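Report on the structure given below.
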Amino acid sequence: MRAKAATAFSSCILASLVPGSPAATLEDRTEQAGIEFRHSASPTASKYLIETMGGGVALLDFDDDGWLDILLVNSGAIRDSPASPRIDRLEPTLHNRLYRNAGDGSFTDVTDKSGLSQHHAQIYGMGAATGDFDNDGRTDLLITGYGGAQLFHNDGHGVFRDITAHSGVDATGWTASAGFADLNGDGLLDLVVTRYLDWSFADHVACGQDLPSYCPPVRHAAVTSKVFANSGASRFVDVSKRSGMAGLPGKALGVAFNDIEPDGDIDIVVANDSEAQQLLRNRGEFKLEEVALEAGVAYNEDGGRFAGMGVDFEDYDNDGLPDILITNLARELYALFRNEGDCLFGYATRQSRLATITATMSGWGLRLADLDLDGWKDVFAAQGHVLDTIERTDPGLRYKQPPLLALGANGRFEDVSANAGQVFSQPLAGRGAAFGDLDNDGDIDIVMSVLNGRPRVLYNDAAGSGRHWIGLRLVGDKSPRDGQGTRVSIRTPDGGQQHRFATTAGSYLSASDPRVHFGLGANETVERIRIRWSSGIEQELRNVRADRFLTVREGRAVDD
């Protein structure tokens, strides 16, 4: 029988914090979970660039039972005929897969009745974005890929309906990461879809005379990403030109949201591969101003471009201002930009110690999240070089790399991967990564995709350390129903302060748990919780008991 989720998802941890307790460890439970999916990149002798980039992960409670389910995006087969290469998704092994969380550590494949198999689509799958775009209380879904994007409405009873044709979401070409956010403050989630390159089978270029290899993105033209305004009734309007996005070409792979000032308007960071990074300041009514250069986030500290892939837009040093972290290729260093106020950022990769940690790493999906529950955000990154020939051309680098776990405190990070679990000793071609509490025990678990391989379902054991936590499930009224765009700040009895922004976007090709989570260390209560909804409505909670999830409804009493 399926385990029942408690109303408050309580998982009380009453033990006191043990000094010197070990860092959080992540246990690979893919086999125990019953996840049999294998990503199919279908590499060919022609080395088409799309073969290197998939696939994504989404953690979503699609049936609203209180347990996060797992969607894994597959890419497909490339039938490499000289006359006309084509994408094939017919075989079941090439389909996307939706796994329902049974609440007992196991997952059931419910793809066949969900409408998400995509066997009919000639799209080489990339990633996913999640959000309740019609405010009906059910999580909807966008799936991206080479060949366009598909929008699915959650009709309930485990069924998704493809509404792309009449929704107005026309995102052609090579779509990558995407995210939902209420950009104009009307209570409806709008949509941003990134696009990578102007690439097709017809203009494929062979690279490497003696050693065939995948061509770098500089061989292909930049393209513009898309912005769609939600007009209600499951319809969207393309406002890319009106917003200014249509005049900002890039090679976009990652997208994340937060509020820079904060002024109540949701701003956008776009991670671009080998192009200037983009920071789009929201001026209201879908007017986006590109300010990356003057803000100091377009380039690295030397004024150079880098291969931006995954991105997160969160406050890593607990000063109340959202910072930016972008993963790159080896020898480029992961780029950490510290928000110094007044829309100015400083390059903090070296001061934070991430330069030493990531010098030879190539990163994709990532997140700034408090994985060890000590009150400071940590870094997890899926890793692996883009070139499967890199070891022959640069013996100091590796194609397959273990993921990274770096624990944060006081603005600095320490690489603890060696002691964090067996997965951190496994060379993998990591790509997407999604974050959320799969077992509702109070710590953040991770699902990581592996290019042309099996994903890793990683369970966190930090909740058993004696450290405390608090989680909020946000339910909007005037704001989006799923709470995306809400800013939450807490203060603990020891004087600590933390800040989070409710969003499922960020990382790379992936979508995470919409619930807002804080580690509390030794604190058994939260002195104050301040919530500012995207509508502008503010709420404050006082002296909240730790070690539970609270459901907070906009402008109403808390469901304890």
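The values are calculated or read from the model by the stated rules, or taken from the named source; none is laboratory data. From a predicted model like this one, the values you see are computed outputs, not experimental measurements. Reconstructed Cβ throughout: ideal geometry from the backbone, glycine too, with neighbour counts over all protein chains shown. For accessibility, only protein heavy atoms count, side chains too; no ligands or nucleic acids. Shrake-Rupley method; radii C 1.70, N 1.55, O 1.52, S 1.80 Å.
Odds and ends about this structure:
- Per-residue [θ]222 nm for the chain (sum of -39500 (n - 2.57) over DSSP H runs n ≥ 4, rounded to 500): -1000 deg cm²/dmol
- Gyration tensor (alpha-carbon) shape descriptor, segment 67-154, a/c threshold 1.5: oblate
- Computed over the chain, relative contact order equals 16 percent, with contacts defined as Cα pairs under 8 Å that lie 6+ residues apart.
- Carbon/sulfur fraction of accessible area - the chain, other protein chains in place, 1.4 Å, %: 48
- Taking a point 7 Å out from the Cα of GLU261 in the direction of its Cβ, the residues of segment 302-327 whose backbone N falls within less than 18 Å of it are 320-323.
- Using the Cβ-Cβ distance between ASP104 and GLN422 with R0 set to 22 Å, the FRET efficiency works out to roughly 0.45.
- Gained length - HIS166 relative to THR360, 0.36 nm times residue gap less alpha-carbon distance: 65.2 nm
- Note on GLN351 and ARG530: with the Förster distance fixed at 25 Å, the Cβ-Cβ geometry gives a FRET efficiency of about 0.30.
- A convex hull fitted around the alpha carbon atoms of the chain yields 133 Å³ per residue.
- Taking 7 Å steps out from each Cα toward its Cβ at GLN497 and GLU91 produces label points 5.7 nm apart.
- Annotation for segment 498-560: trypsin sites (Lys or Arg not before Pro) lying in DSSP loop with at most 16 further Cβ atoms inside 10 Å of their Cβ are ARG556.
- Between LYS113 and ASP477, residue separation times 0.36 nm minus the direct Cα-Cα distance comes to 127.9 nm.
- Probe 1.4 Å, accessible area per residue of segment 63-188, Å²: 33
- 5 angstrom amide H check on ASP372, placed H, neighbours 5+ away: none
- Ranked by how many other beta carbons lie within 10 Å on average, peptides 353-360, 321-328 from highest: 321-328, 353-360
- For segment 510-542 versus segment 368-382, the gap between their alpha-carbon centres in whole angstrom: 16
- Segment 198-346: relative contact order in percent, alpha carbon pairs under 8 Å with at least 6 residues between: 15
- Volume per residue of the convex hull around the Cα atoms, evaluated for segment 201-320, comes out as 164 Å³.
- Per residue, segment 503-560 exposes 37 Å² of solvent-accessible protein surface, assessed with a 1.4 angstrom probe and all protein chains in place.
- Hydrodynamic radius (Kirkwood) for segment 420-510, which is based on Cα pairs only, to one decimal in Å: 15.7
- Peptides 156-169, 82-95, ordered by how many other C-beta atoms sit within 10 Å of their residues on average, highest first, read 156-169, 82-95.
- Cα centre as origin, Lys/Arg/Asp/Glu Cβ charges: the chain dipole, Debye: 800
- Per residue, the solvent-accessible area of segment 281-413 (1.4 Å probe, heavy atoms of protein chains only, all protein chains present) comes to 35 Å².
- For segment 428-560, with +1 on Lys and Arg beta carbons and -1 on Asp and Glu, the positive-most of VAL544, LEU438, LEU509 along the dipole: LEU509
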